[in-house]
Amino acid sequence: MFGGTWFPLIGTLLVVAASAVRIALRVPWRRVLLEALFAVYVLFAIDMSLLPVRFDAGTREMHLASWPYWQQSVNFVPLRTVVAQLSADAPPTAVFQLFGNLALLIPLGVLAPLVIPRLRHLRRFLAFALSVAVGIELLQLLQKVALIGWRSIDIDDVILNTVGALLGFGVWRLAAVVRSRFADGAAEDARLLSNPGVNQTTPCGVNSGGERV
């Protein structure tokens, strides 16, 4: 599913090297780890959505002036492509492509709120995810115009990418709620263990100090 370039692998090595330097400078290792994971994900997302680039000067003018070329590679009708990909006569790769678009930004929904605290609000994250999805399609359009890219420009990709990002955000939010409740329960248990006489009564209504309540 990679774009077929060395870009993310070389970038990952640079991220690892930079992370080692930051840890040596006593930056908290958890912060370094999260930011490194986010950076590596961004590298692979760029590779899968925008790379590799190709250029064929001999066919540039022919393609730019060809209406069928644009008609077949640009779609602004919501859900048209999704319905076609789910139809019975769609090729087997269609479903894979559909779920690939859905999965592309799921890690963004999980990692972005951890790395960028202001994205922990749903509305802000939704605006951010939508901007990323639209940005990817605009860059693919520019590649198409320059004839250095072959991917289609599709409103359904924006929809699927955004939904995937929201799914990832939901996973992060659920994990945050579970972690918060677990931490609250652990804190309460620690408080009770440190103060064993608090809120403890005997069956006959006498507390641990011997006084009737």
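The values are calculated or read from the model by the stated rules, or taken from the named source; none is laboratory data. Just so you know, these numbers come straight off a predicted model, no measurement behind them. Note: ideal-geometry Cβ built from the backbone for every residue, glycine included; neighbour counts use all protein chains shown.
For segment 71-82, which positions are loosely packed, with under 12 Cβ neighbours inside 10 Å and part of a helix (DSSP H, G or I)?
Gln71, Gln72 - these are the residues of segment 71-82 that are loosely packed, with under 12 Cβ neighbours inside 10 Å and part of a helix (DSSP H, G or I).
Output the residues belonging to segment 84-119 that are free of Cβ contacts under 8 Å to residues at least 24 places away in the same chain and more than 20 Å from Asp156 (Cβ to Cβ).
Passing the criteria: Ile116, Pro117, Arg118, Leu119.
Kindly list the number of the only condition in (1) surrounded by 13 or more Cβ atoms within 10 Å (Cβ to Cβ); (2) in a loop (DSSP other than H, G, I, E, B) that fails for Asp89.
Result: Asp89 passes all but (1).
Let's see how each residue does on (1) modelled with pLDDT of 95 or more; (2) over 25 Å from the mean Cα position of the chain (by Cα):
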position	(1), (2)
Thr12	yes, no
Val15	yes, no
Ala18	yes, no
Leu25	yes, yes
Leu34	yes, no
Phe38	yes, no
Ala45	yes, no
Met62	no, yes
Gln72	no, yes
